[in-house]
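These notes are about the structure you will find just below.
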């Protein structure tokens, strides 16, 4: 009987430890979670990280103008008589000869070849129809400064920043406030803006607010 009594006491002691251990584990998990949250909030999103993410986003919004050299006939993507050919011809980069109501022969001048080749990101390739495609970078967005970084939790933040257009020499021709673009008709000016990259590139810096989220690969702009 004494042995049986001792066994019951031991079992009661063990059973009383179970709930206590469970409470300790739960409390530890809560403390750990709070600690991780506080750590992540303290770590936050640095100016350097925000700058890297914003620069990558701005780089993806660079603007180029595309045209063909050779015998160019209007199609769904491009009209041979569209004003970007006239604009480049006015600058001495192209020579354009009318062939018919929907066809021209465009020739890149030596000055044009030299200028285009000097621009980082310039592309040129041959096409099956014997024309040559040119893709000329005209403007990119440059980060001016990060105004503020506001955390909305350990993995979310709002970033306010300022950016400004930076144009190439060819891009200066496509400034909608410049005299060259202003010399076109209202219809052609609008088409240059809508289809061929013209914009008001010489304006003041623009403010923008974006939301960022943090995932397995770090911070990124929320879609």
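No lab work stands behind these numbers, since they all come straight from the coordinates. Note that the structure is predicted; figures quoted are calculated from it, not measured. All Cβ positions, even for glycine, are placed from backbone atoms using ideal geometry, and neighbour counts span all protein chains on display.
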Simple label model, 7 Å out from Cα along Cβ direction - residue 195 to residue 125, nm: 2.2 nm
FRET E, pair residue 102, residue 150, Förster distance 45 Å, beta-carbon r, rounded to 0.05: 0.25
Order of 56, 199 - criterion: other Cβ atoms within 10 Å of each residue's Cβ, fewest first: 56, 199
Inter-probe distance in nm under a simple model that places probes 7 Å from Cα toward Cβ, at residue 185 and residue 61: 3.3 nm
Alpha-carbon centroid distance for the pair the range 104-140 / the range 196-211, whole angstrom: 25 Å
